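As structure tokens, the structure follows; a few thoughts come after it.
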Amino acid sequence: MQVKVVIGTIAFMLTMMIMGFAALREPTRLQEYTHAYEGRSIETGAKIFKNNCSTCHGVDGKAELCYDSAGEQIGCRGLPLNYAPLLCGDSADRTARMNAMNWAGTKDAFIQSVVAAGRAGTAMPTWSAQYDGPMRDDEVANVVAFVMNWQSEELCSAPVITFDWPATAEAFLAEFPDADAANGEALFVTYGCSGCHGAPDGSVPAAVGPDLSNIAVDGATRVEGYTAVD
């Protein structure tokens, strides 16, 4: 009888030790599992982004280099997503679009809503199946995870680059006397200006910036005392 008691006691103690060790390891195991899950989500989102989003938003999300299905470089029609004002800071630091919408949620929730439901009046389509798009909810979440993964210390700590604009149009043109309008149009299309201001020919409407498709005529009517050149 005593032998059975001793064996039972030892077995109980060993069981408790094993369970205690497993309990101590559980937070680490769950954290590793979470990181692995997040990594797979980002990787899957990268593939979806490349196949569906990079044509408008650029291969690196900066709306600078966009290619069509044949590999030819085209103008980026979308807004930059690898972009400090969109990704950096807390929820109190909002983009102009968030403020215009009175957005009260988080930034990743904002990105999720735009990916899922698109943006009316722009070239941004709906992607979620809930809005007759081609993506499941998990695929939308993967794209959001990939976009949010661009948030980094380097991106968020980079200084804001500003340009000291000359006071008058004459001073500006004098500073850049060899300006080339044709090259300006190419740069406008290539570097994604049309994502905010619309296409030069008016085929794509302005999204968040003023419409510049007819600025040579309309410019003189927007601010009293200013010519279209001003």
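Laid out as a table, the results:
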read-out: Matching residues in the stretch 187-230 - criterion: being over 30 Å from E72 (Cβ atoms), touching a residue at least 12 places away in the same chain (Cβ under 8 Å) and among the polar types (S, T, N, Q); value: T227
read-out: A104 part of a helix (DSSP H, G or I) and either at pLDDT 95 or above or surrounded by fewer than 20 Cβ atoms within 10 Å (Cβ to Cβ) (or both); value: no
read-out: Helices (runs of 4 or more DSSP H) fully within the stretch 157-223 counting 1 or more residues that are in contact with a strand residue (DSSP E or B) (Cβ under 6 Å, 6 or more places away or on another chain) and exposed (fewer than 10 other Cβ atoms within 10 Å of the Cβ); value: none
read-out: Test: residue in the stretch 141-149 that is part of a helix (DSSP H, G or I) and either surrounded by fewer than 10 Cβ atoms within 10 Å (Cβ to Cβ) or not assigned by TED's automatic domain parsing to the domain that holds E64 (or both); value: no
read-out: Selection within the stretch 120-137 - surrounded by 17 or more Cβ atoms within 10 Å (Cβ to Cβ) and within 22 Å of S194 (Cα to Cα); value: T122, A123, M124, T126, W127
read-out: Segments classed as helices (runs of 4 or more DSSP H), wholly inside the stretch 1-101, with at least 1 members that are at pLDDT 80 or above, surrounded by 10 or more Cβ atoms within 10 Å (Cβ to Cβ) and out of contact with any Leu (no Cβ under 9 Å at 6 or more places or on another chain); value: 2-52, 54-57, 84-87
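The values are calculated or read from the model by the stated rules, or taken from the named source; none is laboratory data. Bear in mind the structure is a predicted one, so any value in this text is a computation, not a measurement. Backbone-built Cβ (ideal geometry, glycine too); neighbour counts: all protein chains shown.
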